[in-house]
Structures are given as C-alpha cells and as structure tokens.
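A quick write-up on the structure given underneath.
Here, each number is a calculation from the coordinates, and none is a lab measurement. For clarity, every value in this text was computed on a predicted model and none was experimentally measured. Please note: Cβ atoms are built from the backbone with ideal geometry, for glycine as well, and neighbour counts cover all protein chains shown.
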Amino acid sequence: MAFSRISKLDPPSRGIYTKASVMLCSLFTFLFLLHCFTDRCTSTSPTPVESSSARAVALIGDLRSLRTKRLVYEWSHGSELMGSGAARRSPRIIADERRLQELPEEPLILPPPDTGASRRASPRFAGKLSPLGEGRKKLPQALIIGVKKGGTRALLEFLRVHPDIRAVGAEPHFFDRNYENGLEWYRDLMPKTLEGQITMEKTPSYFVTREAPARISAMSRDTKLIVVVRDPVTRAISDYTQTLSKKPDIPSFESLTFKNRTTGLIDTSWSAIQIGIYAKHLDNWLQYFPMDQILFVSGERLISDPAGELGRVQDFLGLKRIITDKHFYFNQTKGFPCLKKAEGSSKPHCLGKTKGRTHPNIDPEVVQRLRDFYRPFNMKFYQMTGCFFGWDD
Ligand SMILES: Nc1ncnc2c1ncn2[C@@H]1O[C@H](COP(=O)(O)OS(=O)(=O)O)[C@@H](OP(=O)(O)O)[C@H]1O
C-alpha cells in the first residue's frame, strides 16, 4: 500500500525526497570523514587539532586546484624540486652540511639498568632484562624513521619507559650510512630482549633516504614504522638552528632559503627545505609498505599532549597502554613536557640542551613564502595519510 502511494507521488514531491536523501548522504559522508580523521590520527583525549577536522575536509578539497596539481606533479616527476639546484649551491656549504650531519647530536645513551617496577609490569617475562642479562639480541621490529627535528628523541625516550620496549639510545644509521656492515653488525647494536619485548631504534634520516624502504623491507616486511612529523617551516628553522649552533658563521636562514631572493625561488636542494616535503618522501615508502604499517605522530601534539600521542603509539605497537599522563609533568623552565621518572631511575628527566633550542628570528616574509611553498605538499600529505596536522593556518 505504502509503496504504491509513494510511486504515485507527483514529480515535485519526489524531488523533495531526492533532495532530502542527497542531503542525508552528504551528512553521513561528512560524519564518516570526520570520524576517519579523528580516529586514525588523534588520541581519545580531545586536542585543539581535532576541532580543525572540518576545516581539513575543506582544505583537502583544495587539492583539486591546478596549482597544487602542478607542484605535486613536479615533485613526482623529478623536476626542479628534486635537487637540480644543488649545483647552484656552494660546494663549501654542501660539504659543511655533510660534515655536520656526521656529528652526533646527542651522546650515546646506554641501555639503563633493570628495574623491579618494569619486571612487575609484564607478567609473563617480567618486563626488562633480569640482572643476569638474559634474553637475546633481535633485529628491531619497530623503527622511528623520522623526521629530523620532528621530536624523535622525545618519542624514543618516552617509549623507553614502557617495560616491553627496549631501544638503542644512539642512532645506528644502519639503513643509510652503515648498510654495508650487514645485518649481524646491526643486530649486535641492539639491547637484549626477552620474548614479547619489542626492539626499537630511531634514525630520523631514514625517512629521506631513497634506499631505506627497500632495505628495511628486505630485513622484514612486517617492520612497524613511526614518523614524527612537525610543521615543515618550524622544522626547517629548527634544522638550521642546530647547524648554526655548531657552525655560527653559516649564511642566514633567509639567504639559504632562496635560489634567487628577487624571484622568490625556493632552494629545494637545501636539505632543511627538502626534508619537509613529506608527501614526496612518503611516496617512496608506500612503494614498499602499506599505509597501516606506518604511524604518523604529530610533533606538535607530542609537546601539547604527550600522553595522548603515546597512547596511539602503544596501540600501534600492540602494547598495553602503560605510559599515561601520570608519567609526565610540564617543566616551566624547559618549556616542554618531561618524564617524572626516567627509565631505570626515580628522578625527573627532561631532554638535554640540544632539544628545545631558542630559534633565531626569521624575516616574516620569508616564513610566509615558505608557508605558501609547503601548503600544496602539506595538503597532499594530509590526503595521503588521512591525518590533518593543522600546519597551514
Ligand atoms: N619533551 C620535549 N623536550 C624537548 N624537546 C622536545 C620535546 N618534545 C618535542 N621536542 C622537540 O624535539 C625537537 C628535536 O627533534 P628531534 O629529537 O627529532 O631532533 S633530532 O633529529 O634527533 O636532532 C626539538 O626541536 P627544537 O625546539 O627546535 O630544538 C623540540 O621542539
């Protein structure tokens, strides 16, 4: 009965039904997208970034713009964005950069002693190593692959609090600089672990190393990958600040940014700029790893809500959420979250002086030019990851 009544409706009434169903569909699609963004990319605790999800949907729509397509095309087809400008840069600056990259940013942090607390936390194998040093060295099952100056040290130090994670303190640089040494050399660098514990290391340069995805996949296709990403403009300034701290006579950030300041052409061969084109580097990883094997951690949220980001990382690694907000306090002097108790110690612990440096003031016009430069790549990155990082306000 009801059926036949509907079928007999006159055309305008049918139009109303069609419009209503289209509107409902749009609403559901929007809610679905909103759910995807919040579920995949944020922790359960609300953050300011979550509230921007709706804007993300609109921003991602911008990808359709021709300008974006052109820029993204240029990177994927290896045009001027891919380093041809290196030839224009002074060999001295390039050599200096290389040498500086060789210098360790932090001293080697040795695996800490065992603690009773960690043994209690993991019922089967009693957490970390026993005083007898049982266990065996394994190749890492999870890697923090980047990005340089993203907050990778903070993430590793926080993760080490977990009784089921054991990590090398120093950066092994195996998949970029030391690959010829072989997997046994690499394994030997690792701390001993007990069954069920995860071995980890962090080397931020992996993310931008062309050969790294294939090499890591050859070690194990199941390796879990974590990338801490940060606003590429701030990241570039942080990168420059680090270089400046080691070599105070380098040219200004502003002059290194441009190939030609008058035309405003950005020097994408400068590593400080190049590293921030996340979408381009990610593309390389996706040739070898599925997206669900890569976790993107927001460098900004790692500071504003460390426990929330650590919650996501523990879930991703299949670990119990042991690291919570109880582990952190905000140190006013340092201006960053710190651990109430570092791993293997009962004392509060902040990262060292090389983390959280004061950045030099950069000409706001140059900052704006860089924002404009990165915008399309950021959009592409949000689209690829399904995560909105809110760098483009
Ligand atoms: N809790 C905490 N304490 C101190 N610093 C923190 C913290 N969380 C994130 N950060 C940010 O980490 C930035 C350094 O990033 P990385 O550790 O990845 O640098 S490196 O690539 O290993 O050199 C560093 O960058 P700068 O501020 O530019 O020095 C910090 O902003």
- Item | Enumeration of residues in the range 183-241 that are hydrophobic (A, V, I, L, M, F, W, C), within 19 Å of the chain's Cα centre (by Cα) and assigned to a strand (DSSP E or B) | Met200, Leu225, Ile226, Val227, Val228, Val229
- Message: Can you tell me which condition Arg177 does not meet? The list is (1) touching a strand residue (DSSP E or B) at 6+ places or on another chain (Cβ under 7 Å); (2) basic (Lys, Arg); (3) farther than 22 Å from Ala307 by Cβ, and all the others hold.
- Response: (1)
- Note on the structure: Note on Ser245: of the conditions (1) of a type in the set (Gly, Ala, Ser); (2) more than 24 Å from Lys353 (Cα to Cα); (3) within 26 Å of the chain's Cα centre (by Cα), unmet is (2)
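What tally of residues in the range 331-367 results from selecting those that are more than 9 Å from the ligand (Cβ to nearest atom), surrounded by 11 or more Cβ atoms within 10 Å (Cβ to Cβ) and of a type outside the set (D, E, K, R)?
Number satisfying all stated conditions: 9.
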- Message: Quick check on the range 172-179. Is at least one of its residues over 21 Å from Ser298 (Cα atoms) and in a helix (DSSP H, G or I)?
- Response: yes
- Screening Thr203, Thr199 for residues that are buried (at least 18 other Cβ atoms within 10 Å of the Cβ) and within 16 Å of the ligand (Cβ to nearest atom) leaves only Thr203
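Kindly provide the set of residues from the range 271-289 that are among the β-branched types (Val, Ile, Thr) and either surrounded by fewer than 19 Cβ atoms within 10 Å (Cβ to Cβ) or not in a loop (DSSP other than H, G, I, E, B) (or both), ordered by number.
Correct list: Ile273 only.
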- Message: Here is a check on your reading of the model: is Leu155 under 23 Å from the mean Cα position of the chain (by Cα), more than 12 Å from the ligand (Cβ to nearest atom) and crowded, with 18+ Cβ neighbours inside 10 Å?
- Response: no
- Note on the structure: When Phe258 is run through (1) more than 16 Å from Asp231 (Cβ to Cβ); (2) surrounded by 21 or more Cβ atoms within 10 Å (Cβ to Cβ), the failure sits at (2)
- Checking Gly150 against (1) part of a loop (DSSP other than H, G, I, E, B); (2) more than 23 Å from Lys280 (Cβ to Cβ), which test does it fail? (2)
- Query: Leu183 passes all but one of (1) within 13 Å of the ligand (Cβ to nearest atom); (2) farther than 29 Å from Asp239 by Cα; (3) not charged (D, E, K, R); which number fails?
  - Reply: (1)
- Within the range 206-226, of all residues that are of a type in the set (Val, Ile, Thr) and over 13 Å from Gly146 (Cα atoms), the one surrounded by the fewest Cβ atoms within 10 Å (Cβ to Cβ) is Thr223
- Considering only residues that are among the acidic types (Asp, Glu) and touching a residue at least 60 places away in the same chain (Cβ under 8 Å), look in the range 209-262 and name the one that is farthest from the ligand (Cβ to nearest atom). Asp222
- Task: Tell me, please, whether a residue that is buried (at least 20 other Cβ atoms within 10 Å of the Cβ), among the β-branched types (Val, Ile, Thr) and either touching a strand residue (DSSP E or B) at 6+ places or on another chain (Cβ under 6 Å) or touching a residue at least 24 places away in the same chain (Cβ under 8 Å) (or both) can be found in the range 306-315.
- Result: yes
- Note on the structure: Cβ pairs under 6 Å, 6+ apart or interchain, first in the range 332-361 and over 15 Å from Lys149 (Cβ atoms) and among the small types (Gly, Ala, Ser), second outside any loop (DSSP other than H, G, I, E, B) and within 12 Å of the ligand (Cβ to nearest atom), ordered by first then second residue, are Ala342/His349
- Query: Out of the range 295-305, which residues are surrounded by 19 or more Cβ atoms within 10 Å (Cβ to Cβ) and farther than 20 Å from Met384 by Cβ?
  - Reply: Leu302, Asp305
